[in-house]
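Encoded as structure tokens, the structure appears first; notes follow it.
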Amino acid sequence: AHPQAAAAGGEVFEWNEANALGNRNNAYYTYPVVSPRSAKTHVPRTADDGVVEVAALSGAAVLIRRAAIDVAGEPFLEPLYFTYYEETDFFARAIRQGWKVYYISEPVAWHRVRASGNHYHYDFHMERNRFLFAFRNFSDAALALTLASVVPRVIGTLAEDIARRT
């Protein structure tokens with residue numbers, strides 16, 4: 001229905017000890033809002049979300065058009081990120097090339113939360129990659145705002161890790 005769509009993704013429910021697989025009352029996340037002022041946050045869902053043009057989607061469950069990958073350029077998923085934000089970077093590159101990204105309230109998926117990493121891994125890479133994304137995609141002014149918010153959180157994460165080790 002949307003030939004200009006680079007990607008489409010739906011609602012993703014958390015799946016962990018507190019959130020059972022298949023339960024639509026679980027904690028969830030929809031499309032993220034990428035902002036230089038705050039960490040990547042997700043928009044609250046409504047009963048009739050339908051189809052919404054967005055800046056990014058969760059990489060946990062997304063369909064991506066091959067033609068958009070070809071146009072956005074190599075690499076498809078930037079290996080510098082290693083984990084987290086690699087799909088957000090791809091969406092930014094595709095949008096700059098004229099593609100669109102759509103959130104669709106159906107279908108839904110359940111994502112096994114932090115199955116591949118611990119608290120430190122998640123916090124460190126999320127903050128590091130948020131700054132890397134900003135460096136690659138934001139204006140200088142927005143980059144300065146991001147740096148001001150990311151550095152204290154990264155230092156806090158490192159300090160927590162050092163405290164746990166001692």
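The values are calculated or read from the model by the stated rules, or taken from the named source; none is laboratory data. These numbers were taken from a predicted model, which means no experiment stands behind them. Every residue, glycine among them, receives a Cβ derived from its backbone with ideal geometry; neighbour counts consider all protein chains shown. Quick note on the areas: whole protein, heavy atoms, side chains included, nothing else; ligands and nucleic acids left out. Shrake-Rupley method; radii C 1.70, N 1.55, O 1.52, S 1.80 Å.
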Practice task
Kindly write out, for the stretch 2-17 in residue order, the coupling ³J(HN,Hα) from the Karplus curve 6.51 cos²θ - 1.76 cosθ + 1.60 (θ = phi - 60°), rounded to whole Hz, with x marking Gly and Pro.
Solution key: 10, x, 8, 6, 6, 7, 9, x, x, 6, 10, 8, 6, 10, 7, 4
Handout entry: Listed residues R164, R112, R93 arranged by accessible area, highest first, probe 1.4 Å
Key = R164, R112, R93
Handout entry: Normalised contact order of the stretch 66-166, rounded percent, pairs of Cα under 8 Å and 6 or more residues apart
Key = 25 percent
Exercise for the section: Report Rg (one decimal) and Dmax (nearest whole number) for the stretch 102-166, counting Cα atoms only, units Å. Expected result: 15.5, 47
Exercise for the section: Rank these residues by their accessible area, most exposed first, probe 1.4 Å: E160, E127. Expected result: E160, E127
Handout entry: Rounded FRET efficiency, nearest 0.05, which uses the C-beta distance separating R136 from R66 and R0 of 22 Å
Key = 0.45
Exercise for the section: Evaluate E = 1/(1 + (r/R0)^6) for I162 and H121, where r is the Cβ-Cβ distance and R0 equals 22 Å; express this FRET efficiency to the nearest 0.05. Expected result: 0.90
Problem - Size of electric dipole in the stretch 121-160: Cβ of Lys, Arg +1 and of Asp, Glu -1, about Cα centre, debye, nearest 20 - result: 100 debye
Exercise for the section: Take the alpha carbon gyration tensor of the stretch 58-118, find the square roots of its eigenvalues, order them as a ≥ b ≥ c, and report rounded if a/c is under 1.5; if not, report prolate when a/b exceeds b/c, else oblate. Expected result: oblate
Problem - Other-chain or far-sequence residues with amide H under 5 Å of K100's (modelled H) - result: A5, A6, A7
